[in-house]
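For reference, the structure is listed below as structure tokens.
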Amino acid sequence: MEIPTLSIVKAGSPPRVIPDVNEIVSILAGGGESSCIPREQLEILHNLGRRLATLGNYSDAAVVFLRLCLHDCDDRRFWMGLGDSLQGMGNPEKAIDAYGMARLCGALEVPGLSMT
């Protein structure tokens, strides 16, 4: 699968470009370096997770979406992607939990009130 370039930054090191999907998923599953993914590249990961799920690779998609949820727990798209991936893996109970978190993201939004 061809994906846009993703770079990972380790504290005190220059960005490292990672062109391989399997290496990206492996890094995300292990934590560590993935905690330094630049904010603007989370969208690339979101698209990767969607593509993995579309291709039926639900376990790798779940890894991507779980890491995204940890980076930005207020983005309901990440929770929905995690729920869809878990559902595809045959784990409806955990999928319901992820969908519930996505719903909470919307419930906590108050029109006209900005938390930033």
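The values are calculated or read from the model by the stated rules, or taken from the named source; none is laboratory data. Remember, predicted model here, so these are calculated numbers, not experimental data. Glycine also receives a Cβ, built like all others from the backbone with ideal geometry; neighbour counts cover every protein chain displayed.
Scanning segment 51-66 for residues that are in a helix (DSSP H, G or I) and of a type outside the set (A, V, I, L, M, F, W, C) yields Arg51, Thr54, Tyr58, Ser59, Asp60. Kindly indicate whether any position in segment 39-47 is modelled with pLDDT of 90 or more, out of contact with any Asp or Glu (no Cβ under 7 Å at 6 or more places or on another chain) and crowded, with 18+ Cβ neighbours inside 10 Å. The answer is yes, given that some residue of segment 39-47 is modelled with pLDDT of 90 or more, out of contact with any Asp or Glu (no Cβ under 7 Å at 6 or more places or on another chain) and crowded, with 18+ Cβ neighbours inside 10 Å.
Yes/no per residue for (1) modelled with pLDDT of 95 or more; (2) of a type in the set (Asp, Glu); (3) surrounded by fewer than 20 Cβ atoms within 10 Å (Cβ to Cβ); (4) outside any helix (DSSP H, G or I):
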residue	(1), (2), (3), (4)
Leu68	no, no, no, no
Ser85	yes, no, no, no
Gly90	yes, no, yes, yes
Tyr99	no, no, yes, no
Leu104	no, no, yes, no
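When you scan segment 85-100, do you find a residue that is under 13 Å from Ile24 (Cβ atoms) and not β-branched (Val, Ile, Thr), even just one? No, every residue in segment 85-100 fails to be under 13 Å from Ile24 (Cβ atoms) and not β-branched (Val, Ile, Thr).
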